[in-house]
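Structure first, then comments.
The values are calculated or read from the model by the stated rules, or taken from the named source; none is laboratory data. These figures come from a predicted structure and were not determined experimentally. Cβ: placed from backbone, ideal geometry, glycine included. Neighbour counts: every protein chain shown.
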Ligand SMILES: Nc1ncnc2c1ncn2[C@@H]1O[C@H](COP(=O)(O)OP(=O)(O)OP(=O)(O)O)[C@@H](O)[C@H]1O
Ligand SMILES: Nc1ncnc2c1ncn2[C@@H]1O[C@H](COP(=O)(O)OP(=O)(O)OP(=O)(O)O)[C@@H](O)[C@H]1O
Ligand SMILES: [Mg+2]
Ligand SMILES: [Mg+2]
């Protein structure tokens, strides 16, 4: 791997909610290419990390996007600065139509943007349906399409395949792989086979701290390490 | 040690202010609207009261060497607050309570007077029910019945005439309808009423109803903010073309609110600037000027209350029953003219006025019509329950 | 979108992540020592309550002057009457919290039941010439029946819609009271209490301490009832309905029945408060029927802290106290000395109350008790 | 234990479910799979009484419950979890479970009936069972996503139901815990409960299900033993694709 | 016949007034979930602003001219009040809907009291153009001219607001922000400004309603806004909470029902008619209020 300057640098990131100290000094870089997977057990702070980057969690520490500090900016500014965010619970606008959901980001093209037509033809068919009545998988498509409408310096994607049918998981994996060719992605994912397939690097969190950093292939190869960090082996999972 | 008597003062004394010894003050409590919707009535009353006490004590503010010490409390028009304030004042040893700008307050405070055997002199509250409430309750203003009787006088002989009452559908409105029916109906008029729900915003339907009833006399009993809209609507629908319209004249600030039709209305009046002239009136006028006020509707009630308080104290000193006895049947001259407190039910018999409004530019001033004799507008006797 | 329960999420959490709603229930601890801890916990809620009750019950013997705070002596009639009114309203606020804080029912019609208790008592005493006990039973019975009927209808909808239906019912009642049907309610002038029908101990200025005790007794009754209910299954069911109604239904709670129970229970306590109010004040007045009164109940509960017994009572007491005493502030000399416009504005008690309320909502969103709890914890952790 | 007979559901002019008939017997686990938007959650909603079908009948323990409320069905021994967690957010995890335990009790709703004190052990054991011990005092709102899923399952188990409906219990659960939860669900089934489970994790479905039903565009595409179904070409086409 | 015409026309005029009063309320509620109890105070502010303005302008001007300036000032003042209230009081309480509502309750108490302190509780007369206080004879009915003005203003407001919500990007952002403000921000859209704008628009509409109502009543008084607010609430609820079209329909229905009941029904029914209507709608069509329940 060539050593380029990272797109995102996180130094000593802390998040506290009242008395509980959720992130306790996270340090990591996201390189300017490929997929970086953020892994960890339930509740270790993966989502919180993404939310802290985007400015949705109360944070201290330093976060730099392309060398520019962003930890004091408001969410909207950060996003306009080039970070796209796909939240864990999809959070589509249920009362708005599919079309309106997309037009929110791209007033001109919306559903008719080439990227949507190519990746999510289902949405084009359902453009007039209220997003709240879409199935879980369909909503995930809206959430993804929404950020892809814009040029991004970095995408933060939180468990995009959660609740998707196997076939769609494959499709989403393909979409992400393709997107990652042009845009770096910081991906939170529980589906280890998918991680193995598209991630270049992994960062593993435990109890609010980074406990492992390295190439994805390395982790996959090391059964003992995988078991220690994540409680399972990637290989066996993949066999299922 | 043992806790002693609940409510007793420290050291087991009997009541905080036994008072009475020469030189100590006579305590008078005032419970009236200093704030709230009736605050301007309250202010007039208060200014009148100061002038009245001044007049009756010849400027000394004292009765037989005892200074009259007034303690005020604001009821904001809320009976609950009034009861609490009155309890407090009575507890502090006030033997006389005066005030009650709102009828609700008067009717809830009156029982306290009886319970605690203190003198209560109700203020501007117009409810008929205050008269005859109990032996300890008096009033210093007029009552609804006297208003209505004044209106009736404007028709001359009402026999066979059609009278319509336009009133709000509330206890106040109903009281007016009942009074009109009693006063004019008994003299042979046919009385009907148009009652307006308190929730109504647009009054056109009621104006239309009045119009189609085509009465000889329309009596309007209205209290509330949408009076201007009501008058405008009556004017627009042409009620004034065919009917004599009578209503009560309220405080000065409202004289400009009749809009276009101001000069077409016949007013009955309890009191206004220029309604009468005697020593008491001049004292009132002078007293108000000193306080930066001017003669207006309820300044009379305050002034009269002042006269009654001083008279009661002169005769009774500290003895409430003496005070009551001294007031019963008392005849005196108030700013309106000669007054009499009827012994049977403590009705305040007093002259009433009729008036019209004169517009000159933006100014609107009332002009005196007739002055009615107390007897012709006297309410029937309602003995104590 | 919004539901009246949204707020609860914020009211019940403070930044430390602990909750106050659940103090009764935090015994879901681990195995051993649970029983002891529970008993301790119970002790911790009972002891302060008994202490406060003791102090309050003794007040009529305290002949101390607290100038500015109370009118005259603590046990003087004025102070006693004022405190009695405060307590009654505090109890009524507690009854409202059964609906609002516990079950998440935003009712704008609670005034209806308080007024029903008050008016039905005064009416059955003088109009129907009943003896006091019978009149009391009649008033409570009829009010509860009314609550049942209104509840059955209004609970068909939820959220803001429920608020508006209850408002509609209360408005209707308010209009009816003002219309003075058959001379029964006295219209805007209210209906005085028939003095001859109640014990002498409750009449007259000198007996204000007895009215005070009566009010205190009402608060105790309401407190005990609410405590029992909150600890019982029904209380847990109410919390479940408040937090997530659909979920509660799927678990097998009859949510309609739970809400109805809360509604009727709250209304029953409210009408009891209304009846005591009539006795303490010596009459019923139409202010009780207005939606402003319900609104002020809401204000009280939030002021003190929704979903907490201390909060509701404290809110009610403080609100009533402030409402009564602010008049003094407005006429204070320093206000008179202010520039004209400022002075004119400040001389309106409602202005001060409204502004104070905004400040409380703003700086103590969990209510005054929440604020107190936070301070206690903060100093403790130092 | 529970059967759906020719269930159909239309909403807003669209036929979401069409003539679906399925039965789950005691001690049986039926896996329900199908593409996103096939109508799986809608079907679970109809079984549990959250929505009413436009046609067809639902039988629970031999009685018709088509028009019975969710509450009634819960009382008859039916429990369910939701696809997107539906918890009492303002209460702690322990209280959530306790409510579920209490709701299951058949006692009438008496305002003065005690809350029941023996439940704290039950609560702890339930939480331990779903692999989240020691979280009893955390507010549900503050739980991480995976923990919410587990709590959801604990609540469904709390009532010791006769019929258990699970809507994607594994979604978002960390890989480590998937096996554990799979095991729990297996145990529940083995204790004689009729379980219907919607799930996209194929290895979970294949490992657990006695039979698998495939929904596609609101219709039953196939029902049968797992190998049979996964072997079906149409199922591969519509649902599995080339699995990862 | 002429009576019926008169009742219908005044009913429509009343409905128009209710709509103007309710539209700002509905907008703010629908979009921000804040049931704005201070709306009445906003209306009062508008009414007094217009009254003061009209009084300050040279009396040589025609009344209609002064009124037009007054209306503009009232809308501006209403908008400004809304803006300030949102920025200072509502925004920091973001997501705590009940607290937001309570703040507005506090404001409504304080606002009315302040007006009362400064200008007194008594109503003050306002100037009304002569044409507006006169009538036009149609089929024997004397129709008050001002009702036509109210109708036109209401129609223009309705059209303008609909266009704003459904045709503009601002409208789209507003509708999305209502559902999930955080997510709108996470899409890179500054939602604060949008919401402030909504409050300002709502406040402006309230200011407008305030002047119209003071013209209607012929006076200004501190409690005026509050009395209109009750009807505005009812209209908003019947209209389905936050639906602008629903609000418009409900306003007309409430206006007409009130007038008809007051004229044709026995005394007492008119009083309860609106409340009965509300209860009926809620009980027969509770689903139309789902938006409010969810
Ligand atoms: N608003 C909050 N207040 C308090 N604690 C919170 C809050 N949000 C999250 N937490 C806590 O922070 C921790 C980390 O949560 P987070 O959602 O980041 O976990 P995660 O790694 O994404 O887990 P999962 O895989 O389950 O999604 C959890 O223990 C959670 O309970
Ligand atoms: N109220 C509604 N109005 C219109 N369409 C609806 C409504 N509810 C559901 N649908 C549609 O019905 C279909 C089935 O939805 P359902 O949620 O049951 O899917 P699912 O099989 O659970 O999908 P997933 O696996 O993604 O959760 C979807 O296409 C959805 O868009
Ligand atoms: Mg997460
Ligand atoms: Mg689903």
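Remarks
- Some residue of the stretch C:272-284 being more than 26 Å from residue C:53 (Cβ to Cβ) and crowded, with 24+ Cβ neighbours inside 10 Å: yes
- Residue under evaluation residue C:127, criteria (1) out of contact with any helix residue (DSSP H, G or I) (no Cβ under 8 Å at 6 or more places or on another chain); (2) buried (at least 24 other Cβ atoms within 10 Å of the Cβ), criterion not met: (2)
- Listed here are the helices (runs of 4 or more DSSP H) enclosed by the stretch D:126-244 that have at least 3 residues being in contact (Cβ under 8 Å) with a residue 60 or more places away in the chain: D:145-158, D:175-190, D:202-208.
- Wholly within the stretch D:1-53, strands (runs of 3 or more DSSP E) carrying at least 2 residues that are within 13 Å of ligand 4 (Cβ to nearest atom) and either at negative phi or touching a residue at least 60 places away in the same chain (Cβ under 8 Å) (or both): D:14-24, D:29-33
- Of the residues in the stretch A:106-114, none is within 16 Å of ligand 1 (Cβ to nearest atom) and closer than 24 Å to residue E:169 by Cα.
- Every condition in (1) more than 16 Å from ligand 3 (Cβ to nearest atom); (2) buried (at least 23 other Cβ atoms within 10 Å of the Cβ); (3) without any contact (Cβ under 8 Å) to a residue 40 or more places away in the chain; (4) closer than 30 Å to residue D:230 by Cα holds for residue A:219 except the one numbered (4).
- Here residue A:132 passes the criteria (1) on the phi < 0 side of the Ramachandran plot; (2) within 13 Å of ligand 2 (Cβ to nearest atom); (3) buried (at least 17 other Cβ atoms within 10 Å of the Cβ) except the one numbered (3).
- Of the helices (runs of 4 or more DSSP H) contained entirely in the stretch E:162-247, those carrying at least 3 residues that are within 9 Å of another protein chain (Cβ to nearest Cβ) and over 26 Å from residue E:18 (Cβ atoms) fall at E:169-179, E:181-186.
- Yes/no for residue B:201 being in contact with a helix residue (DSSP H, G or I) (Cβ under 8 Å, 6 or more places away or on another chain) and outside any helix (DSSP H, G or I): yes
- Only listed residue being farther than 21 Å from residue C:226 by Cβ and either away from chain B (no Cβ under 14 Å) or surrounded by 24 or more Cβ atoms within 10 Å (Cβ to Cβ) (or both), chosen from C:149, C:88: C:149
- Residue in the stretch A:162-178 that is more than 9 Å from chain D (Cβ to nearest Cβ), outside any loop (DSSP other than H, G, I, E, B), in contact with a strand residue (DSSP E or B) (Cβ under 9 Å, 6 or more places away or on another chain) and more than 16 Å from ligand 2 (Cβ to nearest atom) present: yes
- Subset of the stretch D:215-244 (residues that are in contact with a helix residue (DSSP H, G or I) (Cβ under 7 Å, 6 or more places away or on another chain) and at pLDDT 85 or above): D:215, D:216, D:221, D:222, D:226, D:229
- The combined condition, being more than 16 Å from ligand 4 (Cβ to nearest atom) and touching a helix residue (DSSP H, G or I) at 6+ places or on another chain (Cβ under 6 Å), is fulfilled by residue D:182.
- Considering only residues in the stretch A:146-161 that are in a loop (DSSP other than H, G, I, E, B) and within 16 Å of ligand 1 (Cβ to nearest atom), the one that is nearest to residue A:106 (Cα to Cα) turns out to be A:160.
- Note on the stretch D:187-198: residues that are at pLDDT 90 or above and either touching a helix residue (DSSP H, G or I) at 6+ places or on another chain (Cβ under 7 Å) or within 16 Å of ligand 4 (Cβ to nearest atom) (or both) total 4.
- Summed over the stretch D:223-244, the residues that are surrounded by 16 or more Cβ atoms within 10 Å (Cβ to Cβ) and under 25 Å from residue D:192 (Cα atoms) give a count of 3.
- For the condition within 24 Å of the chain's Cα centre (by Cα) and within 8 Å of another protein chain (Cβ to nearest Cβ), residue B:249 does not qualify.
- The stretch D:159-173, subset away from ligand 4 (no atom under 16 Å from the Cβ) and surrounded by fewer than 24 Cβ atoms within 10 Å (Cβ to Cβ), residue nearest to the other protein chains (Cβ to nearest Cβ): D:159
- The combined condition, being on the phi < 0 side of the Ramachandran plot and at pLDDT below 85, is fulfilled by residue A:236.
- Considering residues of the stretch A:19-38 that are out of contact with any strand residue (DSSP E or B) (no Cβ under 8 Å at 6 or more places or on another chain) and under 30 Å from residue D:138 (Cα atoms) only, the residue modelled with the highest pLDDT: A:20
- Being away from chain B (no Cβ under 13 Å), assigned to a helix (DSSP H, G or I) and farther than 30 Å from residue C:234 by Cα is a description that applies to residue C:124.
- Filter result (more than 9 Å from chain A (Cβ to nearest Cβ) and within 16 Å of ligand 3 (Cβ to nearest atom)) within the stretch D:149-158: D:151, D:152
- Restricting the stretch D:202-219 to residues that are more than 9 Å from chain A (Cβ to nearest Cβ) and surrounded by fewer than 18 Cβ atoms within 10 Å (Cβ to Cβ), the residue that is nearest to residue A:138 (Cα to Cα): D:217
- Where residue A:66 falls short, out of the listed (1) surrounded by fewer than 21 Cβ atoms within 10 Å (Cβ to Cβ); (2) away from ligand 4 (no atom under 16 Å from the Cβ); (3) within 14 Å of another protein chain (Cβ to nearest Cβ): (3)
So that you can scan it fast, the table gives a plain yes or no per residue for (1) assigned to a loop (DSSP other than H, G, I, E, B); (2) within 15 Å of the chain's Cα centre (by Cα):
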{"residue": "B:67", "(1), (2)": "no, no"}
{"residue": "B:72", "(1), (2)": "no, no"}
{"residue": "B:84", "(1), (2)": "no, no"}
{"residue": "B:94", "(1), (2)": "yes, no"}
{"residue": "B:108", "(1), (2)": "no, no"}
{"residue": "B:111", "(1), (2)": "no, no"}
{"residue": "B:125", "(1), (2)": "yes, yes"}
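- Qualifying residue in the stretch E:106-120 (condition: assigned to a helix (DSSP H, G or I), over 15 Å from residue E:43 (Cα atoms), more than 7 Å from every other protein chain (Cβ to nearest Cβ) and at pLDDT 85 or above): yes
- Residue, farthest from residue B:86 (Cα to Cα), within the stretch C:184-210, restricted to residues that are more than 9 Å from chain B (Cβ to nearest Cβ) and assigned to a helix (DSSP H, G or I): C:197
- Single condition residue B:318 does not satisfy, out of (1) more than 24 Å from residue B:43 (Cβ to Cβ); (2) at pLDDT 90 or above: (2)
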